[in-house]
Amino acid sequence: MSETTQRTTDMETENRTDTQTDPETTTGETEEQVQDEWRNYEFAGEPKLAVDDLDVYYGDDHALKGVSMDIPKNSVTALIGPSGCGKSTFLRCLNRMNDRVKSARIDGSVKLDGQEIYQEGVNLVELRKRVGMVFQSPNPFPKSIAENISYGPRKHGDIETGLLARLLGRANEDERDELVERCLRDAALWDEVSDRLDDNALGLSGGQQQRLCIARCLSVDPEVILMDEPASALDPIATAKIEDLIDDLSEHYTVVIVTHNMQQAARISDQTAVFLTGGELVEYDDTDKIFENPQSQRVEEYISGKFG
Ligand SMILES: Nc1ncnc2c1ncn2[C@@H]1O[C@H](COP(=O)(O)OP(=O)(O)OP(=O)(O)O)[C@@H](O)[C@H]1O
Ligand SMILES: [Mg+2]
């Protein structure tokens, strides 16, 4: 049995709070005990998402350990931490994308507007419409720019009316055009593509494709947008466009973004959660506080580039 597996198994059989006193680290960070007050971020208003004591296992691998955090509405929350610490795993739990991973087992609670998403009877299509996702590599459909936007709403809310209208030959083209324009404008892409809406989306640049994916995500009217390193494959100019866009989006949407880019997290987020080795949330606070005056020594070392 590998050292990691052994440690995971040991911890599974112990009381969860014992994991907080486990001094072992694997990437060279300073040993320290995580303190609850470092991650009890308090803010005014109701949380949009409330995560409580979330554990995720992939087979024997304990990828997330007892993570609790409340995510405020209409703001940008950044998730940072070294590779393999569970950021994507955490993000995928917020719209139950991990349900698709056969080996994954999830314990704990995630509430969206106070409603548990991990309970029987939750409509996953509806959940993923409310909590949309943008991935690291842009993945537009191999269809026209306009169809990339209109596809989702047709599949979701407008299924009955849209289908009926189409069958009766009364599909509302104007409505579709309006939606396409609105979403492309909101994703700061309209000016670049308005004269070629019927061109294949795969002909766009990487940065444009990523904004198209954001536009596609907006087309079904989500409340939360999860982004997993959305700009990591882009050049600085395309990245700056995505960052500006995220800033605008946070007026109306709750954005949760994973990034490896510290400056990006510092620039665009309101609050930052730092995950460290072993799938633990170590510190969660206002972004300024995390970057200027973190409480955890390991977090300080991580954000100053001493490890990770
Ligand atoms: N589908 C999966 N099946 C099995 N193990 C997985 C799966 N996805 C993630 N893991 C494991 O869970 C742990 C956390 O992975 P995760 O992808 O969440 O990390 P991350 O913080 O997003 O890393 P990165 O910064 O490299 O993207 C890792 O040990 C990883 O190997
Ligand atoms: Mg990841």
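Those strands (runs of 3 or more DSSP E) of the stretch 196-301 in which 2 or more residues are in contact with a Lys or Arg (Cβ under 6 Å, 6 or more places away or on another chain) occupy 254-258, 271-276, 280-286.
Residue-by-condition table, conditions (1) of a type outside the set (Asp, Glu); (2) under 23 Å from residue 53 (Cβ atoms); (3) away from ligand 2 (no atom under 16 Å from the Cβ); (4) surrounded by fewer than 16 Cβ atoms within 10 Å (Cβ to Cβ):
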residue	(1), (2), (3), (4)
240	yes, no, yes, yes
254	yes, yes, yes, no
264	yes, no, no, no
275	yes, yes, no, no
279	yes, yes, no, no
284	yes, yes, yes, no
304	yes, no, yes, yes
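Residue check: residue 289 meets all listed conditions (1) surrounded by 16 or more Cβ atoms within 10 Å (Cβ to Cβ); (2) modelled with pLDDT of 95 or more; (3) among the basic types (Lys, Arg) but one, namely (1).
Selection of the stretch 62-74 for residues being within 12 Å of ligand 1 (Cβ to nearest atom) and surrounded by fewer than 18 Cβ atoms within 10 Å (Cβ to Cβ) yields an empty set.
Residues that are within 14 Å of ligand 2 (Cβ to nearest atom), hydrophobic (A, V, I, L, M, F, W, C) and under 21 Å from residue 276 (Cα atoms), at least 1 per element: which strands (runs of 3 or more DSSP E) completely within the stretch 50-137 meet that?
Those strands (runs of 3 or more DSSP E) span 61-72, 76-80.
Exactly one residue out of 86, 114 is in contact (Cβ under 8 Å) with a residue 60 or more places away in the chain, over 21 Å from residue 222 (Cβ atoms) and not aliphatic (A, V, I, L, M): that is 86. Residue 78 meets all of the listed conditions (1) free of Cβ contacts under 8 Å to residues at least 60 places away in the same chain; (2) within 14 Å of ligand 1 (Cβ to nearest atom); (3) under 16 Å from residue 224 (Cβ atoms) but one, namely (1).
Per-residue answers, yes or no, for (1) of a type outside the set (Asp, Glu); (2) over 14 Å from the mean Cα position of the chain (by Cα); (3) surrounded by fewer than 23 Cβ atoms within 10 Å (Cβ to Cβ):
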{"residue": "52", "(1), (2), (3)": "no, yes, yes"}
{"residue": "60", "(1), (2), (3)": "no, yes, yes"}
{"residue": "76", "(1), (2), (3)": "yes, no, no"}
{"residue": "92", "(1), (2), (3)": "yes, no, yes"}
{"residue": "99", "(1), (2), (3)": "no, yes, yes"}
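Figure legend. Inter-residue proximity from the stretch 250-268: first residues within 19 Å of residue 70 (Cβ to Cβ), second residues among the acidic types (Asp, Glu) and within 16 Å of ligand 1 (Cβ to nearest atom), beta-carbon distance below 7 Å, spacing 6+ or different chains. Indicated pairs: 258/228; 258/229.
Scanning the stretch 68-115 for residues that are closer than 18 Å to residue 290 by Cβ, polar (S, T, N, Q) and out of contact with any strand residue (DSSP E or B) (no Cβ under 6 Å at 6 or more places or on another chain) yields one hit, 75.
The values are calculated or read from the model by the stated rules, or taken from the named source; none is laboratory data. If you're wondering where the values come from, they're calculated on a predicted model, not measured in any experiment. Cβ: placed from backbone, ideal geometry, glycine included. Neighbour counts: every protein chain shown.
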